[in-house]
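The values are calculated or read from the model by the stated rules, or taken from the named source; none is laboratory data. For clarity, every value in this text was computed on a predicted model and none was experimentally measured. Here Cβ is always computed from backbone atoms with ideal geometry, including for glycine, and neighbour counts include all displayed protein chains. Calculation scope for accessible area: heavy atoms of the full protein, side chains included, ligands and nucleic acids excluded. Shrake-Rupley method; radii C 1.70, N 1.55, O 1.52, S 1.80 Å.
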Amino acid sequence: MNKVIIHCDGGSRGNPGPAALGVVIEFDGKIKEYSQSLGVKTNNEAEYEAVIFALKKAKLLLGKAGAKNREVEVLVDSELLFKQITGKYKVLDKKIQSLFLQLWNLKIDFPRIVFCHTLRDGNEHADKLVNRELDTCSSVLF
């Protein structure tokens, strides 16, 4: 089974404030990177939005049939998201509950999906994409 490795990061300046996501998807010897402004969000919302975006994009890149034959490893530096998606923490915030459900429903598109918590330096590429996007959108907003 071919493995797909996804690095996800989301960030907000101001919390809530201008927010963005950064995603790096590695598969079949290819590396695809994405960043996107999210408007005004909290940091936790941006972290969830990044994983949701990444899983949707991975499914598009691989195709439905291709997604069914892949193991997906998702690396996040958000301890909260990691502990919520692995069932160690309850999801109490209403906005996060909605995002959690979206993420949970996307998981079924892949036969095996593993979430891994990494420190920020293990997610450096995605973090740089977030900050680049925030630098761009912050200069437009202010």
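When DSSP beta bridges are restricted to pairs lying wholly in the chain, around 60% turn out antiparallel. Rounded to the nearest percent, how much of the accessible area of the chain (1.4 Å probe, protein heavy atoms only) is carbon and sulfur? The value for the chain is 52 percent carbon and sulfur by accessible area. Under a Gaussian network description of the chain, with springs only between Cα atoms under 10 Å, the residue in 72, 23, 40 that fluctuates furthest is 40.
Accessible surface for segment 17-142, divided over its residues, is 53 Å² per residue with a 1.4 Å probe.
If the viscosity is 1.306 mPa s and the temperature 10 °C, what Stokes-Einstein diffusion coefficient in µm²/s follows for the chain when Rh is the Kirkwood radius over Cα pairs? It comes out at roughly 106 µm²/s. Springs between Cα atoms under 10 Å define the GNM used for the chain, and in it the highest mean-square fluctuation of 119, 75, 55 occurs at 119.
Between helix 124-141 and the chain there is an angle of about 40 degrees, using the helix long axis and the longest principal axis of the Cα atoms. In the complete set of protein chains, residue-level accessible area for residue 88 is approximately 130 Å², probe 1.4 angstrom.
When the chymotrypsin sites (Phe, Trp or Tyr not before Pro) in segment 1-95 are filtered for DSSP coil states and for at most 15 other beta-carbon atoms within 10 Å of their beta-carbon, the remaining sites are 89.
Against the longest alpha carbon principal axis of the chain, how many degrees, from 0 to 90 and to the nearest 10, is the axis of helix 43-67 turned? For 43-67 against the chain, the angle is about 30 degrees.
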